[in-house]
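Written out below as structure tokens is the structure these notes cover.
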Amino acid sequence: MNLLISFLIVFYALGDHSTEAEEDSSHILADEKIAATSQIKTLGAIKGMVLDKSTRKPLVGVNVTVAGTRIGAATNRKGAFLISKLPSGNYMLRFNMIGYAEILHNHLEVKGNDTIDINIVEMEEQPIQLKELVISAGSYSLMDVKPSNQTLTHEDIKMLGWAEDITRAVQRVPGVSGNDLAAKFYIRGGDVDEVLVLIDGMKIYKPFHQKDFGGGLFSTIDAETIESVDFSTGGFTAEYGDRMSGVLNMTTKQPRPGEKSQSAVGISLINSRAFSMRSFNDGKSSWMISARRGYLDILNRMMGNEFKLNPTYYDILGKIEHKLSEKQALSTHVFVADDTYKLDEEELEPGITVPNIDFSDTHYGSKYGWLTLKSSFRPNLFTRSILYGGLLNQDRFWNNFDNDPKAHFNSGTINDTRDFKVFGFKQDWNFEPSSKIFIKFGYDLKRSNVDYDYSKNIQNELLSPNDTILNRSVLFNAKKNLSGNQFAFYLSTRFRVLPPLTLETGIRYDYASYTQERLWSPRVNALYSVTKKTSLRGGWGYYYQTQS
């Protein structure tokens, strides 16, 4: 299926239709201070355009806010912004964007219902703040709204990732390999299970659909839901651990306050999807949901069931976020993925069927849920707390040559049932005591439980050296329940030695009760900026992975 025919139908709930700037700008309602004076019936507005000072190109996503309030907007794809519903008075605008120096625009007087046009605002690049700096060696930004350090954009993911698949797109990154059949990928020869996969801070296990086809045909994550992807192929910092090869860290989309809702329906050769997100409650709350259903089973039936297969899969990802205050936000996530695969009977002629030589009936299920609390105690102190739980199960049955007279005594049966449960709590703390030092530390407490129920019965006919036929039986049964605890702690310090040189040193500790492993992992990373667009990265450390 190298040729993919896709039809994408996108519906946007655009709300009001007024000026072009209004359609593309985000609006935030005034805070209580402004609301107290909003009895004036005449309301004005401020508009303008933001450009890069050196390239003169529009800057997308610049945060433009009224100083001292929650009123603001974000620039659209043309660099334009509009802040409306402003009572008469004098205002100061603040322009912020990662990688650019902040700009203050003073003495803007709004009178009546007039719209003030400040024309063009030019922003100049400056060194990225220490806490925003990506210092890890072998790190790639695959999808990002930032104007710099983009390796692959969202559109590149769709073009390069066959079936719009993130895990297929990362196979284009240096040091990563894969094949045309499966979505699994390998970093520098390591196994796919050596890669840490995260969605909004939650660890995802085996994120692939149809695992019986080369380990997974497609990713369980819909690329439409992802805002940014940070991918490390080695030398990752002490924040990430218990993995040997790399880190795939994904962040889901988040509507900006006041942004109009977005909805999309897509149909391709392999699946159908629905996606929607919007903000509400005056921009304090938002939700996002995505659902996909594959129809390889339907296509197979349309082709006369030539391969005697019945593969089905679906996935659902949803989240709700609410701002408890200006300094705290609470979100809840749900992620579900499900697969079935069946190799059944063979039809000799209409109405007459016989069992296939191979009969398979498998099911894989993944369910995750997590609560995230983000707190900003001070401008230089931030923490993220996550309470999480997950359930993974698989139920596989395979039968070979059963009831086949031509097979004589050759037959085999395998039953494999596994249930894996995990729940825990993790916290990450960010502290920036000065512009030259950034400290990050955190811990993760985890409890895991697994039930194994496995059996196989293999019957073979063997020809001995004296030409006699021997019957061999291989019987094996295993039924086990295992539980264990894991604890992880890390401390990382990033500091700017000289303007072009930044170092990050870290230490990590991982403990697993079920194997009694106690692992210490020192890490060192360095970034040297040769020019604004050229940098050298290096990393050293010990990397461990506990027995799963």
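Ligands, DNA and RNA are left out, and with a 1.4 angstrom probe the accessible area of the range 202-311 is 35 Å² per residue. In this calculation the C-beta distance from Lys111 to Tyr544 is compared with R0 = 56 Å, giving a FRET efficiency of 0.30.
Amide H contacts under 5 Å for Arg243: Tyr544, restricted to partners 5 or more places along the chain or on a different chain, H placed in the peptide plane at 1.01 Å from N. Between amide H atoms placed 1.01 Å from N, distances below 5 Å from Ser535 occur with Val530, all of them 5 or more places distant or on a separate chain. Would you please give the FRET efficiency between Tyr454 and Ser375, computed as 1/(1 + (r/R0)^6) with r the Cβ-Cβ distance and R0 = 35 Å, to the nearest 0.05? That pair, Tyr454 with Ser375, gives E of 0.20.
For a modelled paramagnetic label at Asp193, 7 Å from Cα along Cα-to-Cβ, the residues of the range 529-548 in reach, with backbone nitrogen under 12 Å, are 546-548. In a fully extended conformation the segment linking His322 and Thr55 would gain 92.3 nm over its present Cα-Cα distance, using 0.36 nm per residue. Taking label positions 7 Å along the Cα-Cβ direction at both Leu536 and Tyr509, the computed distance is 3.6 nm, reported to one decimal.
Of the peptides 272-278, 53-59, the ranking by mean beta-carbon count within 10 Å, highest at the top, reads 272-278, 53-59. Amide H contacts of His209 (H built 1.01 Å from N, in plane; Pro and chain starts excluded): Leu217, Phe218, Ser219, Thr220 sit under 5 Å, all sequence-distant by 5 or more or on other chains. Just the protein heavy atoms count here, and of the accessible area of the range 200-267 at 1.4 Å, carbon and sulfur take up 54 percent. Residue-wise HN-Hα couplings along the range 90-100, as the Karplus relation 6.51 cos²θ - 1.76 cosθ + 1.60 with θ = phi - 60° gives them from phi, are 9, 9, 10, 9, 10, 10, 10, 7, 4, x, 10 Hz; Gly and Pro carry x. With θ set to phi - 60° and the Karplus curve 6.51 cos²θ - 1.76 cosθ + 1.60, what are the ³J(HN,Hα) couplings of the range 238-250 in order, to the nearest whole Hz, using x for Gly and Pro? These are the phi-based 3J(HN,Hα) values: 5, 4, 10, x, 6, 9, 9, 9, x, 9, 10, 10, 10 Hz.
Working from label points 7 Å from Cα in the Cα-to-Cβ sense, the Val497 to Gln254 distance is 3.4 nm. Entry comment: accessible area of the range 384-541 is 60 Å² per residue, from protein heavy atoms only and a probe of 1.4 Å.
The values are calculated or read from the model by the stated rules, or taken from the named source; none is laboratory data. The structure presented is a predicted model; accordingly, all values stated were derived computationally and were not measured. Positions of Cβ are generated from backbone atoms using ideal geometry, with glycine treated the same way; all protein chains shown enter the neighbour counts. Note: areas computed on protein heavy atoms with side chains; ligands, DNA, RNA excluded. Shrake-Rupley method; radii C 1.70, N 1.55, O 1.52, S 1.80 Å.
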